[in-house]
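Below is one structure, written out as structure tokens; the observations come after it.
The values are calculated or read from the model by the stated rules, or taken from the named source; none is laboratory data. Not measured: the values here are computed from a predicted model. Methodologically, a virtual Cβ is constructed for each residue, glycine included, from the backbone with ideal geometry; neighbour enumeration extends over all protein chains shown.
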Amino acid sequence: MERAKHSFNNFRRQIKEDFPVEDEDQQVEQIKKFLREYGIWIGAGIVIGLGSLFSWRAWQASTIDDQHQRTAAYEQVSERLQRGADDETMQLADQLLNEMDDTSYAVVTRLQLAQQAVRDGELERAADILYKAHEQAGEPVVKAMALVRLARVQMSLGEHDAALTTLQQDVPQSFKGQVAEVRGDVYLAQGNHGEARSAYQTAINEGDASVSPALQMKFDNLASE
């Protein structure tokens, strides 16, 4: 039980610290890594304190077996989605979402499905998937990942006001720079250069030494006007 407590708390701490990555594929890979390492013990953390009602050993054995099956099913879907989204893969993904809709596996699967939808040019579908992922995610960092991606898709759809509304939601400190940058992109798409420049400046301030060349270039282009 102590291992469960330690692993669950460690997961929560690390996931809040280790997700400032802007690349979507890297973000998904980091979440998958956490799920593989801590998936069993995340579940254990949910029932800590119920030992007087259930046999810990019996619960542990059944939970580990169930978690291994879930992990195997998720890994199969994830690997297939990385190679593309054929009909069989989509059927497997739908089955996973139906059977594990209340788990972290479903959230990460939705992030991958949204990526694929964007690649296929199905932006409205991507927006629907990301909205569901954001609503479903429990960890603030994962919610922020879905939120930032949703705002980008809304901007691509020309739904600028909706994107700005999405970006008004609170996010962890590590995502404030990304939110400010996307807000600047939306303002720029609207032709509001003053607000865009201000948002980019905020993004630069939040990013400290990790400011991307692309962000700096966007700010410099507007600063010279």
> Looking at 149, 197, which one is touching a residue at least 60 places away in the same chain (Cβ under 8 Å), in a helix (DSSP H, G or I) and among the basic types (Lys, Arg)?
Replying inline: 149
> Among the listed residues 207, 177, which satisfies the condition of being at pLDDT 90 or above, under 30 Å from residue 138 (Cβ atoms) and within 22 Å of the chain's Cα centre (by Cα)?
Replying inline: 177
>> With the requirement that a residue be touching a helix residue (DSSP H, G or I) at 6+ places or on another chain (Cβ under 9 Å) and not in a helix (DSSP H, G or I), what does the stretch 95-136 give you?
In response: 100, 101, 102, 103, 120, 122
> Do the conditions hold for residue 80, that is, is it of a type in the set (D, E, K, R) and free of Cβ contacts under 8 Å to residues at least 24 places away in the same chain?
Replying inline: yes
> Out of the stretch 101-142, which residues are under 16 Å from residue 75 (Cα atoms) and surrounded by 16 or more Cβ atoms within 10 Å (Cβ to Cβ)?
Replying inline: 103, 104, 105, 106, 107, 108, 109, 110, 111, 112, 113
>> I'd like to know if the stretch 124-141 contains one or more residues that are more than 30 Å from residue 98 (Cα to Cα), without any contact (Cβ under 8 Å) to a residue 40 or more places away in the chain and under 19 Å from the mean Cα position of the chain (by Cα).
In response: no
